[in-house]
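The structure appears right after this line, and notes come after that.
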Amino acid sequence: MGINLQKGQSISLEKEAPGLSKVTMGLGWDTNKNKPSGGFLSKMFAAAPSAFDLDAACLMLNQNGKLEFMVYFGQLNSPDGSIKHSGDNLTGEGQGDDEKINVDLSSVPQNISKLIFAVTIFQAKDRKQDFGQVANAYVRMVNSGNNAEISRYNLSTGYPGMTSMLLAELHLENNQWKMTALGEGSKAASLVELSQSYK
């Protein structure tokens, strides 16, 4: 079992998994089970989908905290090949990680000092959805070599009105990678809007 991180807590990858070079950041969440109840409208829309479409991304920041590139469902691989997205999961159905981002730490360009893992709710405003309604969301880091979980951060349900989340970051400190649990919500309506704050 990996380390269960609290918001703001950091761990050293070198300390927890010496020699680690390839990790997978897995994101999971539960679909929204709430449906209208009672009356004609309930019967009319009983079959309407109520799943949340969460979109994960990795923001690659330079030493000045500026965005160099973003890996997400619209751009699955970084130009250097160090970051690879598993593809978009539209519903969150099923067990285990719903979306994965693979990171080859040994191949991350030297000008990149921080990787931020974020997630937004697709069309959140139109669907009237926010992170106060998402259940059992988490981000976890796995050793890609042996699939051993290194750390996990379980999000609380205390983010009403927030449509985007900064989940965790990997950053270089004294030439060693560290992971920090962020848990910072925002009202950015899309990954593109979220990335604007790093331009």
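Since every read-out is calculated from the coordinates, none of them should be taken as a lab result. If you're wondering where the values come from, they're calculated on a predicted model, not measured in any experiment. Note that each Cβ is placed from the backbone with ideal geometry, even for glycine, and that neighbours are counted across all protein chains shown.
Name the residue, out of 179, 165, that is within 28 Å of residue 18 (Cβ to Cβ), part of a strand (DSSP E or B) and within 14 Å of the chain's Cα centre (by Cα).
Just a single option satisfies the conditions, and that option is 179.
Collect the residues in region 111-139 that are touching a helix residue (DSSP H, G or I) at 6+ places or on another chain (Cβ under 8 Å) and hydroxyl-bearing (Ser, Thr, Tyr), keeping them in residue-number order.
120
Pull up region 167-199, narrow it to residues that are touching an Asp or Glu at 6+ places or on another chain (Cβ under 8 Å) and crowded, with 17+ Cβ neighbours inside 10 Å, then point me to the one that is nearest to residue 25 (Cα to Cα).
179
Can you go through 164, 151, 78 and tell me which one is touching a Gly at 6+ places or on another chain (Cβ under 6 Å) and either closer than 17 Å to residue 3 by Cβ or buried (at least 20 other Cβ atoms within 10 Å of the Cβ) (or both)?
Going through 164, 151, 78 in turn, the sole match is 151.
Consider region 153-185. How many of its residues are farther than 20 Å from residue 58 by Cβ and among the hydroxyl-bearing types (Ser, Thr, Tyr)?
So the answer is 3.
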